[in-house]
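Worksheet for the structure shown next.
The values are calculated or read from the model by the stated rules, or taken from the named source; none is laboratory data. Just so it is clear, the model here is predicted, and its values are computed rather than measured. We place every Cβ from the backbone using ideal geometry, glycine too, and count neighbours over all the protein chains shown.
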Amino acid sequence: MAAQKGKDLLLKMHDGTSYATVAGLRSRTLAFNAQSVDVTHSDSAGRWRELLAGAGVKRASIAGSGVFKDAASDALVRAAFFDGALRECQVLIPDFGTVSGPFQVTALEVAAEHDREVTFDLTLESAGEITFATL
């Protein structure tokens with residue numbers, strides 16, 4: 001994969017009708033994690049750790065910061081956080097694919113300086129099966 005423009009990585013949240021781009025994200029991160037299940041025992045070869053294939057909990061986390069682009073995107077994210085609702089989200093990764101699934105907004109921070117715009121930071125955690133589709 002060749003170098004890509006960071007601005008082309010998009011976070012979208014379903015608003016009940018369609019997927020809406022979530023605000024003007026200036027920076028964002030998508031992380032995947034999987035817990036391992038250690039099944040090492042006294043007879044493990046050379047005392048090396050053994051893991052159980054396909055076991056453990058998988059999760060995805062999205063973090064971003066930026067500026068709300070309009071009142072609709074502000075309201076969508078704010079409602080998802082205060083309602084504790086699970087929302088279908090998509091992350092479009094240029095020349096790679098699309099990650100989709102249910103997420104919950106687990107953190108929402110708003111900051112402002114007197115001579116700058118109001119900014120926000122948000123974190124979303126997966127809340128079910130995540131799918132990946134190539135572009």
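Filter segment 1-14 for residues that are modelled with pLDDT under 90 and under 30 Å from Ala71 (Cα atoms); which is surrounded by the fewest Cβ atoms within 10 Å (Cβ to Cβ)?
Going residue by residue through segment 1-14, those that are modelled with pLDDT under 90 are 1-11.
Filter again for under 30 Å from Ala71 (Cα atoms), leaving 4-11.
On the way: Gln4: 12, Lys5: 7, Gly6: 11, Lys7: 11, Asp8: 10, Leu9: 18, Leu10: 16, Leu11: 24.
Residue satisfying both the conditions and the ranking: Lys5.
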Give the residue, chosen from Ala23, Ala75, Ala63, Ala53, that is of a type in the set (A, V, I, L, M), loosely packed, with under 11 Cβ neighbours inside 10 Å and either in contact (Cβ under 8 Å) with a residue 60 or more places away in the chain or over 20 Å from Thr131 (Cβ atoms) (or both).
-> Ala53
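Of the residues Ala133, Ala80, which is within 17 Å of the chain's Cα centre (by Cα), under 25 Å from Ala3 (Cα atoms) and not polar (S, T, N, Q)? Break it down into steps so the answer makes sense when it comes.
Values: Ala80 fails: under 25 Å from Ala3 (Cα atoms).
Just a single option satisfies the conditions, and that option is Ala133.
Tell me, yes or no, whether segment 68-79 has at least one residue that is in contact with a strand residue (DSSP E or B) (Cβ under 8 Å, 6 or more places away or on another chain) and assigned to a strand (DSSP E or B). Step through it out loud before you land on a result.
If we filter segment 68-79 for residues that are in contact with a strand residue (DSSP E or B) (Cβ under 8 Å, 6 or more places away or on another chain), which is where we start, we get 68-69, 72-73, 76-78.
From what is left, the residues that are assigned to a strand (DSSP E or B) are none.
No; the residues of segment 68-79 include none that is in contact with a strand residue (DSSP E or B) (Cβ under 8 Å, 6 or more places away or on another chain) and assigned to a strand (DSSP E or B).
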May I ask you to list the residues in segment 20-37 that are over 19 Å from Arg87 (Cβ atoms), at pLDDT below 90 and either among the acidic types (Asp, Glu) or within 13 Å of the chain's Cα centre (by Cα) (or both)?
-> Ser27
Condition met for Lys58 (among the charged types (D, E, K, R), modelled with pLDDT of 90 or more and touching a Ser or Thr at 6+ places or on another chain (Cβ under 6 Å)) = no
Those residues of segment 83-107 that are more than 10 Å from the chain's Cα centre (by Cα), modelled with pLDDT of 95 or more and among the hydrophobic types (A, V, I, L, M, F, W, C) come to a total of 2
Hey, can you tell me all the residues within segment 13-28 that are touching a Leu at 6+ places or on another chain (Cβ under 7 Å) and not polar (S, T, N, Q)?
-> Met13, Asp15, Ala20, Val22, Leu25, Arg28
Only listed residue being at positive phi and among the hydrophobic types (A, V, I, L, M, F, W, C), chosen from Ala23, Ala75, Ala63, Ala55 | Ala23
Meets criteria (surrounded by 11 or more Cβ atoms within 10 Å (Cβ to Cβ), in contact with a Cys (Cβ under 9 Å, 6 or more places away or on another chain) and either among the hydroxyl-bearing types (Ser, Thr, Tyr) or under 26 Å from Ala3 (Cβ atoms) (or both)) for Val91 = no
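Tally time: how many residues in segment 108-135 are in contact (Cβ under 8 Å) with a residue 40 or more places away in the chain, closer than 20 Å to Ser73 by Cβ and surrounded by 12 or more Cβ atoms within 10 Å (Cβ to Cβ)?
The first filter runs over segment 108-135 and keeps only residues in contact (Cβ under 8 Å) with a residue 40 or more places away in the chain, leaving 117-128, 130, 135.
Filter once more, keeping what is closer than 20 Å to Ser73 by Cβ: 117-125.
Narrowing further to those that are surrounded by 12 or more Cβ atoms within 10 Å (Cβ to Cβ): 119-125.
Of the residues in that region, 7 qualify.
Specify the residue that is nearest to Val77 (Cα to Cα); the eligible residues are those in segment 88-107 that are part of a strand (DSSP E or B) and of a type in the set (A, V, I, L, M, F, W, C). Even if it seems obvious, please write down each step before you answer.
Here is the first cut: in segment 88-107, the ones part of a strand (DSSP E or B) are 88-93, 97-107.
The next check asks that each one be of a type in the set (A, V, I, L, M, F, W, C); those that pass are 89, 91-93, 99, 103, 105, 107.
On the way: Cys89: 11, Val91: 15, Leu92: 18, Ile93: 21, Val99: 19, Phe103: 12, Val105: 8, Ala107: 10 Å.
Once the filter is applied, the top-ranked residue is Val105.
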